[in-house]
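Visitor: Below you'll find the structure I mean.
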Amino acid sequence: MNQVLVSKRLTLRMLEAADAECIEKLAGDREVADTTLGIPHPYPAGAALPFIHARREASERGDGYSFAAIRTEDGAFLGVIGLHINKAHNMAELAYWIGKPYWRSGYCSEAASKVLQFAYEELGLNRVYAAAMTRNPASYKVMEKIGMKFEGVLRNHIRKGEVYEDLRHYGLLRSDV
């Protein structure tokens, strides 16, 4: 599936090999990696291309969709937003990151809202959930802005480096929309 979603300021398209350099540069920022669940720091050189290939294969299987968030006016690559699908339970985890130069501009909320719409209208999912470290209010405020409901905190749920992190969990049911 080569899905393209369009919002007021953004074009969300499937990741492409040409995005690798931008991903490595933006995700390689220590501040971006510090508060994401799955981005290592330093970001390994050459790691973006296998990530892109894996996410494209996932979309072909219907197991997930990872979109490049592109600013429509100038084609700037802003970050990645995606869904990790659990077919057995008809739900998905929403995950995202935006490069530091584009923080505090509302791009993440705009992209996340569009991907939620895709999850319910195109994929027919029943539930979408997301998590953020408790020390990352910018991330969980995105979840709140797009209508997700706070479901609780899982204490010491993950380890980032040598530190155990608490996660705030949010969810949204199709019936909530």
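The values are calculated or read from the model by the stated rules, or taken from the named source; none is laboratory data. These numbers come from a predicted model, not from an experiment. Please note: Cβ atoms are built from the backbone with ideal geometry, for glycine as well, and neighbour counts cover all protein chains shown.
Visitor: Being among the acidic types (Asp, Glu) and either in contact with a Phe, Trp or Tyr (Cβ under 9 Å, 6 or more places away or on another chain) or more than 22 Å from Phe150 (Cβ to Cβ) (or both), is that true of even one residue in the range 66-77?
Guide: Among the residues of the range 66-77, at least one is among the acidic types (Asp, Glu) and either in contact with a Phe, Trp or Tyr (Cβ under 9 Å, 6 or more places away or on another chain) or more than 22 Å from Phe150 (Cβ to Cβ) (or both), which makes the answer yes.
Visitor: Can you report the number of residues in the range 125-147 which are more than 18 Å from Asp166 (Cα to Cα), touching a residue at least 40 places away in the same chain (Cβ under 8 Å) and part of a loop (DSSP other than H, G, I, E, B)? Can you show your working first?
Guide: Here is the first cut: in the range 125-147, the residues more than 18 Å from Asp166 (Cα to Cα) are 125-128, 145-147.
Then keep just the ones that are touching a residue at least 40 places away in the same chain (Cβ under 8 Å); that gives 125-128.
Restricting the remaining residues to those that are part of a loop (DSSP other than H, G, I, E, B) gives 125-126.
The qualifying residues number 2.
Visitor: Give, as residue ranges, the helices (runs of 4 or more DSSP H) completely inside the range 14-109 that count at least 1 residues that are more than 17 Å from the chain's Cα centre (by Cα), aliphatic (A, V, I, L, M) and modelled with pLDDT under 95. Quick ask: steps written out before the conclusion?
Guide: On the way: elements: 20-27, 30-34, 48-61.
Because the criterion is at least 1 residues that are more than 17 Å from the chain's Cα centre (by Cα), aliphatic (A, V, I, L, M) and modelled with pLDDT under 95, no helices (runs of 4 or more DSSP H) in the range 14-109 meet it.
Visitor: Here's a follow-up. Within 19 Å of Ile85 (Cα to Cα), touching a Gly at 6+ places or on another chain (Cβ under 6 Å) and surrounded by 17 or more Cβ atoms within 10 Å (Cβ to Cβ): which single residue out of Tyr120, Tyr129 fits that description?
Guide: Answer to the check: Tyr129.
Visitor: Among the residues of the range 1-13, how many are in a loop (DSSP other than H, G, I, E, B) and surrounded by 12 or more Cβ atoms within 10 Å (Cβ to Cβ)?
Guide: Number of matching residues: 3.
Visitor: Sort out which residues of the range 16-39 are of a type in the set (A, V, I, L, M), more than 29 Å from Glu165 (Cα to Cα) and in contact with a helix residue (DSSP H, G or I) (Cβ under 7 Å, 6 or more places away or on another chain), and write them in order of number.
Guide: If the condition is that a residue be of a type in the set (A, V, I, L, M), more than 29 Å from Glu165 (Cα to Cα) and in contact with a helix residue (DSSP H, G or I) (Cβ under 7 Å, 6 or more places away or on another chain), then Ala17 is the only one that fits.
Visitor: Quick check, is Leu94 of a type in the set (A, V, I, L, M, F, W, C), closer than 19 Å to Asp63 by Cβ, surrounded by 15 or more Cβ atoms within 10 Å (Cβ to Cβ) and out of contact with any helix residue (DSSP H, G or I) (no Cβ under 9 Å at 6 or more places or on another chain)?
Guide: no
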